[in-house]
Amino acid sequence: MRVLVTGATGYIGSRLVPALVAAGHDVVVGVRDLAAVDRFAWAAQVERRFFDVEDTVSVHLAVREVDAVMYLVHSMGAGEFVKRDREAAESLVAATSYAGTDRVVYLSGLVPDVPHAELSDHLASRLEVEEILRAGPVPATVLRASMVIGGGSMSFEVMRRMTERLPVVTLPTWMSSRIQPVAVEDVVRLLCAALEGPARDRTYDVGGDEVLTYAELLARFADAAGLDRPQVPLLVAPQTVVGEGVALLTGIPRSTIKALVRSLTHDMVCRDDDVHHDLAPGVDYLSLDEALVRSLAGDTAATSPDGDVQGEAASDPDWVGTTRG
């Protein structure tokens, strides 16, 4: 199958491309900076096309003569990202409809079971993008992933830096919600599986085998990292203050941290396990403990065919990786 991967130089995209190549797909990467592809080990194995979600012409040209589009575009910054993501999704629907694309696969995030008004702008925006893609004439398979465990994952790196840099982990009482983390290895495998068989025009929740609280997850991370980190409840901790503190401590962009913090107040768990039965029957998910250990192992070849996808990659941002000397 001829597959266009948008967001190919991002975290998931850079790890998905070698898996698609290994599966025998003819891969086209859609990027704004064609030269940026050179830093990846798979650069010589793919076709490059200019793709800018704010340039309608480039979107139409990028989707020509491809069977499927892996849509991995998300705005995590500040500003008018809601409008930008909405218009980008509408542009993709128009382009794939005109080109006669067989299917679109969109990686979204879990949507908590709360009234729409309580969703953060980022979660509401992802839900809106899903609805736009699903309403189009091209079948769209949507994978709503929970927190992704893997070196280089934004959520994982925040957890790593907070645990490594704080001798005592302070937990606001509003962080008592539950989460169902999933290994990046499984996310990549399910994305590849979405290209097999008939196009599935539906939404799937994606999470691992364990549901636990954030406190329990942080304790499991500390154990995997070999760190002793007592936990202390924090009775008074406004979200805005926590967001500013985490951004300062981790060095990760403030707008991104604020979006992550907003999601911590809701249970982020799967409503069902249909994705496992439909896309990965008979295949076990990677256990949480193994995912953590492999992600912490220090492997830096996650985007190479022979590397561990759970690890880091040399192409990851500067804030990825351990801060322990």
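Residues whose amide H falls under 5 Å from that of Val142, counting only those 5 or more places apart or on a different chain, are Tyr106, Arg202, Thr203, Tyr204, with hydrogens built in the peptide plane. Taking the DSSP bridge list for the chain and keeping only pairs wholly inside it, about 10 percent are antiparallel.
Quote the Stokes-Einstein diffusion coefficient, in whole µm² s⁻¹, for the stretch 79-155, based on the Kirkwood radius over alpha carbon pairs, a temperature of 10 °C and a viscosity of 1.306 mPa s.
Taking Rh from Cα pairs, D becomes 117 µm²/s.
In plain terms, the residue of Asp274, Asp186, Asp306, Asp205 with the fewest other Cβ atoms within 10 Å comes first and the most crowded comes last, giving Asp306, Asp274, Asp205, Asp186. Across the stretch 217-226, rounded Karplus estimates of 3J(HN,Hα) from the backbone phi angles (6.51 cos²θ - 1.76 cosθ + 1.60, θ = phi - 60°) give 5, 5, 5, 5, 4, 4, 4, 5, 8, x Hz, Gly and Pro being marked x. Once the Cα atoms of helix 121-135 and of the chain are each reduced to a long axis, what angle between those two axes, in degrees from 0 to 90 to the nearest 10, is obtained? Taking Cα atoms only, the helix is inclined about 30 degrees. Residues whose amide H lies under 5 Å from that of Val27, counting only those 5 or more places away or on a different chain, are Val3, Glu47; hydrogens are built 1.01 Å from N in the peptide plane. In vacuum, with every alpha carbon of the chain counted as one equal point scatterer, what does the Debye formula give for log10 I(q)/I(0) at q = 0.11, 0.13, 0.14 Å⁻¹? Two decimals, please. With no solvent term, the Cα-only Debye profile gives -0.68, -0.97, -1.13. Cβ-to-Cβ counts within 10 Å put Val293, Val184 in ascending order as Val293, Val184, the fewest first. Each Cα pair under 8 Å and six or more residues apart adds its separation to the average, and for the stretch 148-207 the resulting relative contact order is 37 percent.
Its relative contact order, with pairs defined as Cα atoms under 8 Å and 6+ residues apart, puts the chain at 20 percent. When the chain is treated as a GNM with alpha-carbon contacts under 10 Å, the residue of Val138, Val232, Val82 showing the greatest mean-square fluctuation is Val232. Note the angle between two axes, namely the Cα long axis of helix 254-263 and the longest principal axis of the Cα atoms of the chain, as a number of degrees from 0 to 90, rounded to the nearest 10. Its long axis makes an angle of about 80 degrees. Ranking Ala291, Val93, Trp174 by how far each Cα lies toward the positive end of the dipole of the chain (charges on Cβ) leaves Trp174 at the top. Name the most mobile residue of Ala44, Ala297, Ala215, meaning the one with the largest mean-square fluctuation, in a Gaussian network model of the chain with Cα contacts below 10 Å. Highest fluctuation among the options: Ala44.
Computed from point charges on the beta carbon alone (+1 for Lys and Arg, -1 for Asp and Glu), the dipole magnitude for the stretch 1-69 about its Cα centre is near 180 Debye. Using the Karplus relation 6.51 cos²θ - 1.76 cosθ + 1.60 with θ = phi - 60°, the per-residue 3J(HN,Hα) values for the stretch 140-150 come to 10, 9, 10, 9, 9, 8, 6, 3, 8, 8, x Hz, with x marking Gly and Pro. Helical runs (DSSP H, four residues minimum) scored at -39500 (n - 2.57) apiece and divided by the length of the chain put the mean residue ellipticity at 222 nm at -11500 deg cm²/dmol.
Remark on Leu171: its backbone amide H falls under 5 Å from those of Val232, Leu234, a criterion applied only to residues 5 or more positions apart or on other chains, H modelled at 1.01 Å from N. With contacts taken as Cα pairs under 8 Å and at least 6 residues apart, the stretch 1-43 reaches a relative contact order of 46 percent. Direction-averaged projected area, Cα convex hull, the stretch 205-325: 9.6 nm², rounded to one decimal.
How would you rank His277, His25, going from fewest to most other Cβ atoms within 10 Å of each one's own Cβ?
Values: His277 11, His25 20.
Taking fewest neighbouring Cβ atoms as first place, the list is His277, His25.
The long axis of helix 11-22 is offset from the longest Cα principal axis of the chain by roughly 50 degrees.
Throughout, read-outs are computed from the coordinates displayed, never taken from laboratory work. If you're wondering where the values come from, they're calculated on a predicted model, not measured in any experiment. For neighbour counting, all protein chains shown are included, and Cβ atoms are generated from backbone atoms with ideal geometry for every residue, glycine included.
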